[in-house]
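To start, the structure under review is shown below, and the notes come after it.
The values are calculated or read from the model by the stated rules, or taken from the named source; none is laboratory data. For clarity, every value in this text was computed on a predicted model and none was experimentally measured. Cβ sites come from the backbone with ideal geometry, for glycine too, and all protein chains shown count toward neighbours. Note: accessible area is taken over every heavy atom of the protein model, side chains too, but ligands, DNA and RNA are not part of it. Shrake-Rupley method; radii C 1.70, N 1.55, O 1.52, S 1.80 Å.
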Amino acid sequence: MISYILRRFMLLISTMFVLTIVIFWIHVRLNPVGDAHLLPSYLSYTQSLLTLNFGKSLATGAPIIEEMKLYLPASLELLTITLLLSILIGIPLGISLAYFHRSFFDRSLVIIIQICRSMPVYWLCQLLIVMFCISIKIFPTYGNLNLLYDIENVTGFNTIDAFLSHDPNIIKDMLIHLCLPIFSLTILPLVEITMLSRSATLMVLQTNFIKAVFSRGVSLCYVARVHILRNIIPAIIPHLNILLTNLVSSIILVEVIFEWPGVGLWVTSSVTNADYPVLESIIFVLAATLLTINILTEIIITIFFPVKKRVNIKL
Amino acid sequence: MFIQHDRKTDIPSNTSLIWQIYKRRSFDVLGLYLLITLLALIFILPLIINIDPYLQNPEATFLPPSWIEGGEFRHFFGTDEFGRDFLARLLLGAQNTLQSAFLATLLAMLLGSCIGFMSAISRRSAQRSFLHHMFDIISSIPSILLALISVAIFSPSLSHAMLAISLSLVPRFIHATYFAVCHELSKDYITSNMLDGASYLRLTRDTILPNILDIIAKNFYQGLSIAIIDISAIGFLGFGAQPPIPELGNMLASGMDLFFIGSYMALIPGISIMLFVISINLVGHGLHRVLEAGVSHGFSRH
Amino acid sequence: MVRLFLALVLLLTLSTKADGAEPKGLLYCSESNITSTNPQRYGISTTASSLSYALYDRLLYMNPETKKISPGIAYLNEIKDNGTTYIFKLRFMGIAFHKNKLFTPTRLLNAHDIAFSFDRMINPDNPFYRPIDDFPFFKRSDLANSLYKVKALDNNTVAFYLKTQTNDLTPFLASDNAVILSLEYAQTILKENLPPETIDTKGIGSGPYRLDKYMHERFVRLVPFAPYHGPKPKLPALVIIHSNFSNKRLTQLFTGECHIITNPTPGQLYLLEKLNNKNVKIFERNSVIGTFLIFNTKNPSLDDDIKRRTIASILNLNEIKQMVFFEHGTLQSELNYQHNTLARKLLENYRRNIIKNIPHSGSLPQLRLTTPNLFMPLDDTDKIKTIFWLSKQRPLNLYVFEQNNLAITSHVRIAQIIKSNLEEYGINVNIKTYRTSTGLKKMRNGNFDMALINVFNNYDDILEPLVSCSYSKNSPNRKFFSDNFTNWCDKDLEDLFAQTHKEQDPLTEALLANDIYNIIAYQMPIVPLIYSFNKFVAVSSVKGTQSTPFGGMSFINAYMEPEDD
């Protein structure tokens, strides 16, 4: 197992190396450099990337690190809340769908899930805006807080700062602004996790030991919590990487539509303004983070759910 | 006397076997009919109607659909702010989106399957690992971000968006093909064929390829639906096909501006994207079942 | 789990029904980009104009209607040395500066602050100096070459020293971009070792509102500053917002997320007329966005004035007006005295003279003053010969530059109309779209045939930068479209422009303007396609706003009436 972990780390380092080459290629495409200077400029560029010295943005003249500290927390809020919600709702929903397999509840929900899977996120956002903001004026169309409110910038995370201001109007305003983006973002990961846990639970339910547990007369919830959950997690976690990558794509789209002040909006405006240092730094940060999470999840699965201890089912 | 009931045991042909297995799920059949209708609509209808989607008609701007008062039958779905017929633009836009998505997935499939295949059959572990993980960087960069990079380097256009999406689909083909071929290579009949002296080319053509076809088909239809949604997402942001070239994404974006005049212009492109993706998913699911049944002797998993 | 979720939903719905206090303040959604909190760093833009009147003070004041210049916080005391030294005196003491987290002022505004504000633009030894391209408005005026020193003679008096005599100093000091910064704040910035850009990103001024928060290209949040020397600010908060989606602004007006929107697109204006909502008012302003087609006169297909006039005569401008602007633009031929301050001045002059001579009010003879048509008639044989010749040349490239709007590029539509007009006569045109930065590079290198550009200015000043060569002497790094890319100059035209700058009498100015138009119409290096006058749309609860000379909005006397349901 140690050798496996070491090999994964080697993989991580080599892919990071390839990442720096790819980003340097993009940099050279956008700011051409003579052939003789290719290697030294590559070394200096990689060094500045790895020490997080991203330089200054062409549009504002401010250091990119400072701006990233402004924009990254807002995107992180969306990401964590979406992931939490989709896992907390998706896994129980998938298990219950598997319990009532082939019932009306199961079939109708599967159809709805298929429809949701094929709905483009941006169209869903537009629909929600049209339904809830224009026709029935409940939710606002943009931003993460009504700009007439003033909150102290304590942590940088808008949600936490709004709670810290102890003003119920501001908290309510922040939650209302949060609703529509979170709703449109959670739908896709939610249905993915639900379908994954449903198919995994169906597999697990066919094994003998589960039938033996049921014959003891325990409740469904107990079985779900104690036995099924830890057996379906190795089926779900490998798919989380792809889920996360797609989620980042969706976040960029949703941020652009709802004008949420996060990384997505920043990167699209940097492409429009031809602000290339910003684009390269964001690509580096996002790709490096996703790569690391990728390798980390693989390592976690091998440590906590080794193949020997897994239920012998073809997952 | 004994009446002999001759039970002619018909061995069904391949085509009717495919249809029999496909027919088992009625939803897949529904999807097939839907897909055929949609494809016929978008490719054959423009030839019949024969309205130029680029023709601007200043007298007939903002016409509502023909079933609402004030609409004309000639412009069935009404016109946009330039007097261009909405239905003609919708059909042309659907053609553009679908063609570029199909091309993107096809390219990705060819490239990805070749690389995955070669990495699976290579004997040297360094080469195998390199080919397998070569595109892992691409899989860790979100597809929209890849499209933004290609727009920054090249100019925004439909073909550049298509290339970016194609690149983002390659890793899944590599991984899928790699695992499928590895699984195949561990089987006994491969070893016996190799002992018989079959070259790799013969092995591929006769033995491996037909058996991994279901995995490739599954990734193809999933990739196609992802490609449709992503290409129209890039068009929605304004980085894909530039106006006046219609494409479902940028028609959706321009429909939202005119929402106050007619909501149909924002709804219809979105509904069409959804219908395409649903029908492709259903047909793909059915095809996957058929191919898989061919592989595992009629054993159905669901 | 499900119970928790339902409880959350119930909480939300209940709380929205409960009567929460609506936040008070004004949301102003601007179409032009917010790139700094210091108007000195902008060209002509509605955002800079509104920011200037909200955050800062200016030396002189210009009446937006009559363009008459009157004292602001200072007055012109004397002009010495044959018009090369201007001395200003402060009108009153007691102007306080804002305070923020970095800085608390210890003294009131005096002449040293005024000297510093202009010194930073011209003196390379000033630590806050930037190259002149970063002050686009200053660069564009004649003063960039001529102003070489600004000195405070004592606490109340400041002197401006010029190299040559010019008429432009007072209009420049009355413009929205010539604001007064705080010298003490600048010294505090240097002491704390902060980057000098802080004076532009966290601006301190002396206006009725002070800066609370600024997010680049998104919004600027202002709160009232009670010690302001003028009328007390009445708005609890003022937020200037910019979004890249111009199309959503109209929706936001109706959902209550914007109280004022600026420069709606022609489609939105059309919608507003159709909806005819009583709660919404439309104001029109004097500043204009002009769309021009410019020719590269070095191109062999366009080097002769007959060729250019032929092309201009083929264009169907009415089609552009109808199909792109939905009848909301004004063609050159339709401009009348309401838009032209020069013609208005002439009319006033004429009326006054007539009234002096007529003892009782009878019927006044009507004076029809229209701007001369910019199209000179062309001989038919010449025209046909040129069209035939042009149709055999290689296709002309028409450059179109992207704007920041999402999926709406009206220039592309105008370009298509132009292309179809020219192709009817057999002249081939290729349309090429470029991003603004790439396009400007190409235009600077002379790498184009025809281009479509938008220029924002007052109507009176809009033509000069486009056809005059002396403007480009200021720097080789032209960053904006309001510049002469046509490679065409005319000595007589330059002399005429120079004379108009010095001229005071409206009648002579009108004759000079006539001559200017004649030269441009004869040579036609640019074709004015259409002008759209800037408009504001506001909900009816916003009252007391005034316009500024450069198309912005002044909130000094603004207040919001609570809506009576």
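Name the residue that is most open to solvent (accessible area, probe 1.4 Å), counting only residues in segment C:494-544 that are more than 30 Å from residue C:30 (Cα to Cα) and among the small types (Gly, Ala, Ser).
C:498
Can residue A:246 be described as within 14 Å of chain B (Cβ to nearest Cβ) and either open to solvent by 50 Å² or more (accessible area, probe 1.4 Å) or under 26 Å from residue A:97 (Cα atoms) (or both)?
yes
If I go through segment A:1-41 residue by residue, how many of them are within 14 Å of chain B (Cβ to nearest Cβ), among the hydroxyl-bearing types (Ser, Thr, Tyr) and either under 23 Å from residue A:276 (Cα atoms) or touching a residue at least 24 places away in the same chain (Cβ under 8 Å) (or both)?
Selection size over segment A:1-41: 3.
How many residues does segment C:284-306 hold that are open to solvent by 60 Å² or more (accessible area, probe 1.4 Å) and part of a strand (DSSP E or B)?
Qualifying residue count for the region: 1.
I need the full set of residues from segment B:221-259 which are under 18 Å from residue A:252 (Cβ atoms), facing another protein chain (nearest Cβ under 7 Å), in a helix (DSSP H, G or I) and of a type in the set (Gly, Ala, Ser), in order please.
B:232, B:233, B:253
Considering only segment A:170-187, state which residues are open to solvent by 30 Å² or more (accessible area, probe 1.4 Å) and either at positive phi or within 10 Å of another protein chain (Cβ to nearest Cβ) (or both).
A:171, A:172, A:175, A:179
Can you work out which of the residues in segment A:134-167 that are free of Cβ contacts under 8 Å to residues at least 12 places away in the same chain and within 8 Å of another protein chain (Cβ to nearest Cβ) is most open to solvent (accessible area, probe 1.4 Å)?
Among those that are free of Cβ contacts under 8 Å to residues at least 12 places away in the same chain and within 8 Å of another protein chain (Cβ to nearest Cβ), it is A:137.
So, residue C:60, is that one within 14 Å of chain A (Cβ to nearest Cβ), open to solvent by less than 60 Å² (accessible area, probe 1.4 Å) and hydrophobic (A, V, I, L, M, F, W, C) or not?
So residue C:60 does not fit the description; no.
Given the residues C:174, C:186, C:178, which is the only one that is closer than 20 Å to residue C:114 by Cβ, out of contact with any strand residue (DSSP E or B) (no Cβ under 8 Å at 6 or more places or on another chain) and open to solvent by less than 10 Å² (accessible area, probe 1.4 Å)?
C:186
Give segment C:248-271 a look and list any residue that's within 11 Å of chain B (Cβ to nearest Cβ), over 15 Å from residue C:30 (Cα atoms) and among the aliphatic types (A, V, I, L, M), or say none.
The one that is within 11 Å of chain B (Cβ to nearest Cβ), over 15 Å from residue C:30 (Cα atoms) and among the aliphatic types (A, V, I, L, M): C:271.
So which residues in segment C:146-167 are modelled with pLDDT under 85 and surrounded by 16 or more Cβ atoms within 10 Å (Cβ to Cβ)?
Within segment C:146-167, C:146, C:166 meet the criteria.
Restrict the check to segment A:274-285 and report whether at least one residue is out of contact with any helix residue (DSSP H, G or I) (no Cβ under 8 Å at 6 or more places or on another chain), at pLDDT 85 or above and outside any loop (DSSP other than H, G, I, E, B).
Within segment A:274-285, not a single residue is out of contact with any helix residue (DSSP H, G or I) (no Cβ under 8 Å at 6 or more places or on another chain), at pLDDT 85 or above and outside any loop (DSSP other than H, G, I, E, B).
Kindly indicate the residue of segment A:189-236 that is surrounded by fewer than 14 Cβ atoms within 10 Å (Cβ to Cβ) and aliphatic (A, V, I, L, M) and also farthest from residue A:96 (Cα to Cα) among those meeting that condition.
Filtering segment A:189-236 for residues that are surrounded by fewer than 14 Cβ atoms within 10 Å (Cβ to Cβ) and aliphatic (A, V, I, L, M), the one farthest from residue A:96 (Cα to Cα) comes out as A:212.
Looking at residue A:268, is it open to solvent by 20 Å² or more (accessible area, probe 1.4 Å) and either within 14 Å of chain B (Cβ to nearest Cβ) or over 30 Å from residue A:24 (Cα atoms) (or both)?
For residue A:268, the condition - open to solvent by 20 Å² or more (accessible area, probe 1.4 Å) and either within 14 Å of chain B (Cβ to nearest Cβ) or over 30 Å from residue A:24 (Cα atoms) (or both) - is not met.
Here are some conditions: (1) open to solvent by less than 50 Å² (accessible area, probe 1.4 Å); (2) at pLDDT below 80; (3) of a type in the set (Gly, Ala, Ser). Residue B:70 meets all but one. Which one does it not meet?
(1)
Does at least one position in segment C:257-277 carry a residue that is surrounded by 21 or more Cβ atoms within 10 Å (Cβ to Cβ) and closer than 18 Å to residue C:103 by Cα?
no
Please state which one of C:486, C:438 is closer than 30 Å to residue C:47 by Cα and either assigned to a strand (DSSP E or B) or modelled with pLDDT of 75 or more (or both).
On inspection, the qualifying residue turns out to be C:486.
Which count do you get for residues in segment B:107-136 that are closer than 22 Å to residue B:227 by Cα and surrounded by fewer than 17 Cβ atoms within 10 Å (Cβ to Cβ)?
3
Which ones in segment A:283-298 are free of Cβ contacts under 8 Å to residues at least 60 places away in the same chain and facing chain B (nearest Cβ under 8 Å)?
The answer is A:286, A:290, A:294.
What's the number of the condition residue A:190 fails, among (1) over 25 Å from residue A:259 (Cα atoms); (2) in contact with a Gly (Cβ under 6 Å, 6 or more places away or on another chain); (3) away from every other protein chain (no Cβ under 12 Å)?
For residue A:190, the exception is condition (1).
Give me the pairs, please: first residue somewhere in segment C:272-300 and more than 14 Å from chain B (Cβ to nearest Cβ), second residue anywhere and open to solvent by 60 Å² or more (accessible area, probe 1.4 Å), beta-carbon distance under 7 Å, and either six or more positions apart or on two chains.
Filtered contacts from segment C:272-300: C:296/C:487; C:297/C:303; C:297/C:487; C:298/C:487.
Considering A:72, A:76, A:43, A:19, which residue is more than 28 Å from the chain's Cα centre (by Cα), modelled with pLDDT of 85 or more and part of a helix (DSSP H, G or I)?
Just one listed residue meets the conditions, A:43.
Taking interchain pairs and intrachain pairs at least six residues apart, which have beta carbon atoms under 9 angstrom, with the first residue in segment B:1-30 and modelled with pLDDT of 80 or more and the second open to solvent by 100 Å² or more (accessible area, probe 1.4 Å)?
Taking only residues 6 or more apart or on different chains, the pairs are B:25/B:302; B:29/B:23.
Of the conditions (1) touching a residue at least 40 places away in the same chain (Cβ under 8 Å); (2) farther than 20 Å from residue C:232 by Cα, residue C:57 fails just one. Which one is it?
Evaluating residue C:57 over (1) touching a residue at least 40 places away in the same chain (Cβ under 8 Å); (2) farther than 20 Å from residue C:232 by Cα leaves (2) as the failure.
For segment A:42-63, enumerate the residues that are open to solvent by less than 70 Å² (accessible area, probe 1.4 Å) and within 12 Å of another protein chain (Cβ to nearest Cβ).
Once the filter is applied, which keeps residues that are open to solvent by less than 70 Å² (accessible area, probe 1.4 Å) and within 12 Å of another protein chain (Cβ to nearest Cβ), segment A:42-63 yields A:57, A:59, A:60, A:61, A:62, A:63.
Provide a single number: the residues in segment A:74-107 that are over 30 Å from residue A:177 (Cβ atoms) and open to solvent by 40 Å² or more (accessible area, probe 1.4 Å).
Total meeting the criteria: 7.
Hey, can you tell me all the residues within segment C:220-240 that are open to solvent by 30 Å² or more (accessible area, probe 1.4 Å) and within 14 Å of chain A (Cβ to nearest Cβ)?
Selection gives C:224, C:236.
Just give me the residues in segment C:149-176 being charged (D, E, K, R) and not in a loop (DSSP other than H, G, I, E, B), in sequence order.
C:149, C:151
What do you reckon, is residue C:213 open to solvent by 20 Å² or more (accessible area, probe 1.4 Å), within 14 Å of another protein chain (Cβ to nearest Cβ) and not in a loop (DSSP other than H, G, I, E, B)?
Taking the combined requirement at face value, the residue satisfies it.
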